[in-house]
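Asks: This is the structure I want to talk about, given as structure tokens.
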Amino acid sequence: MRKRGLLLSGIAAILVTVATIVVLLLVDPRTGLGEAIKTGGLAGGSIVALYALWLNDRRRRTEEARHDLESVKIADERFARAVEMLGHDADQVRVGAMHALANLARTTPRYKQTVLDVLCAYLRRPFTHEAFTTTPADPDQSGVEQGDQDRERTVRLTAQRLITDLLPWGMDTDPVLYHLDLTGANLEYLRLEGRRVGRLTARRARFHGITAFRGATFGKPVLLSGAIFHGRLDLREARFDGGIAFTDTTFSGRVELSDATVGTFLALAPEPPADVRGTLTLGADVALRTPDQGWPLAKPAGDEPAG
């Protein structure tokens, strides 16, 4: 194909050269033969030069496509190796695999939701710790010899922290709403403060320690049906634009609602928290799917109070 193109460009260059010479001599007989040949040669040479430029551009695009394919292949291999290492017996290997996945999500944005799904799947694995049922959980185990439960606890705290780090916040202009599925997970000190999230599904999840959603924005529904909060829940200044479901949710600690707002829909637990601070503000068109059950609710300024 390349040889054929070169041959055709050579023939075209000769034809252009001859035609240019003939036209110059016919249009302006005063033009000398030498000058006409020089001008015709330049015109013919431009054809060859244009073909060379096209050929170089085609070669460049081919190399870029090959490089992109290699990059995709390398990223896929990195992802597969990291996921495989999540099943390793050594906790430090599992932690390293999680960091590798997080780095991949940062350098290859198309992997971000997938990596978040993998980290959430890890947190959905069955896990319990004696601190969940005895003394308050303390994630700082430095200087203490750790057993299997403690080591796995450290790995899970790493997964939670990386999930938080990968979600957009502040000046991050990423427009994508990333979803989290933590159904049935045992979570400890989960922090999504100031993050922008899509859908959060945490039905039947168990939240230990302080759960901090302060200042977070949820663009899709937050589903907490059947969840149990064993510690404090901080929802101050959070925005639940996609609605929130507290159906059959149990609260053992304080719930802070100051400046939290809900849009779309709201479903409440039959029993409101025993210790609730602040008021939950409802959007103008929010659908209250259950009776207010004694929760402190309010419409925006200028609207009628809820309930």
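Just so you know, all these numbers are worked out from the coordinates, no wet-lab data involved. Since we're looking at a predicted model, the values are computed, not measured. As a convention, Cβ positions derive from the backbone with ideal geometry for all residues, glycine included, and neighbour counts pool all protein chains shown.
Asks: Around Asp241, under 12 Å between beta carbons, what's the net of Lys plus Arg minus Asp minus Glu among the other residues? Let's see the in-between values first.
Replies: On the way: positive: Arg196, Arg199, Lys220, Arg239; negative: Asp285.
Result for the local shell: +3.
Asks: Could you give the length gained on full extension between His88 and Arg254, defined as 0.36 nm per residue of separation minus the Cα-Cα distance, in nm?
Replies: 55.9 nm
Asks: Gap in Å between the Cα centre of the stretch 85-125 and the Cα centre of the stretch 275-289?
Replies: Here the answer is 36 Å between Cα centres.
Asks: Separate question: Taking the radius of gyration and the Kirkwood hydrodynamic radius from Cα positions alone, what is the Rg/Rh ratio for the stretch 173-307, to two decimal places?
Replies: When Rh is taken as the Kirkwood radius, the ratio is 0.94.
Asks: Please turn the phi angles of the stretch 86-100 into ³J(HN,Hα) values with the Karplus equation 6.51 cos²θ - 1.76 cosθ + 1.60 (θ = phi - 60°), one per residue in order, whole Hz, x for glycine and proline.
Replies: For the stretch 86-100, the Karplus-derived couplings read 5, x, 5, 5, 7, 5, 5, 5, 5, 4, x, 5, 5, 5, 5 Hz, x marking Gly and Pro.
Asks: Once amide H atoms are placed 1.01 Å from N in the peptide plane, what residues at a sequence separation of 5 or more from Val286, or on another chain, have their amide H within under 5 Å of its amide H?
Replies: Thr264
Asks: From the phi of every residue in the stretch 190-198, what ³J(HN,Hα) in whole Hz does the Karplus formula 6.51 cos²θ - 1.76 cosθ + 1.60 yield, where θ is phi - 60° and glycine or proline is x?
Replies: Each residue of the stretch 190-198 in turn: 6, 10, 10, 4, x, 7, 9, 10, x Hz.
Asks: Once amide H atoms are placed 1.01 Å from N in the peptide plane, what residues at a sequence separation of 5 or more from Arg277, or on another chain, have their amide H within under 5 Å of its amide H?
Replies: Val255, Glu256, Leu257
Asks: Tell me, what HN-Hα J-couplings in whole Hz come from the Karplus equation 6.51 cos²θ - 1.76 cosθ + 1.60 at θ = phi - 60° for each residue of the stretch 172-187, using x for Gly and Pro?
Replies: Coupling constants for the stretch 172-187: 4, 8, 4, x, 6, 9, 8, 9, 10, 10, 10, 4, x, 7, 9, 10 Hz.
Asks: Within 10 Å, count the other beta carbons around each residue, average over each peptide in 286-297, 115-126, and list them highest first.
Replies: 115-126, 286-297
Asks: If each residue's Cβ is checked for other Cβ atoms within 10 Å, how do Asp234, Asp57, Asp174 rank with the fewest at the top?
Replies: Numbers: Asp234 23, Asp57 10, Asp174 13.
Fewest-to-most Cβ neighbours within 10 Å comes out as Asp57, Asp174, Asp234.
Asks: What FRET efficiency would be calculated for the residue pair Ala284, Arg199, taking the C-beta separation as r and a Förster radius of 25 Å, to the nearest 0.05?
Replies: 0.65
Asks: With +1 assigned to the C-beta of every Lys and Arg and -1 to the C-beta of every Asp and Glu, and no other charges, what is the dipole magnitude of the stretch 158-301 about the Cα centre in debye, to the nearest 20?
Replies: Roughly 140 debye for the stretch 158-301.
Asks: Please order Ile244, Ile210, Ile74 by the number of other Cβ within 10 Å, starting at the fewest.
Replies: Listing Ile244, Ile210, Ile74 from fewest to most nearby Cβ atoms yields Ile74, Ile210, Ile244.
Asks: If you rank Met171, Met98 by fewest surrounding Cβ atoms within 10 Å, what's the result?
Replies: Taking fewest neighbouring Cβ atoms as first place, the list is Met171, Met98.
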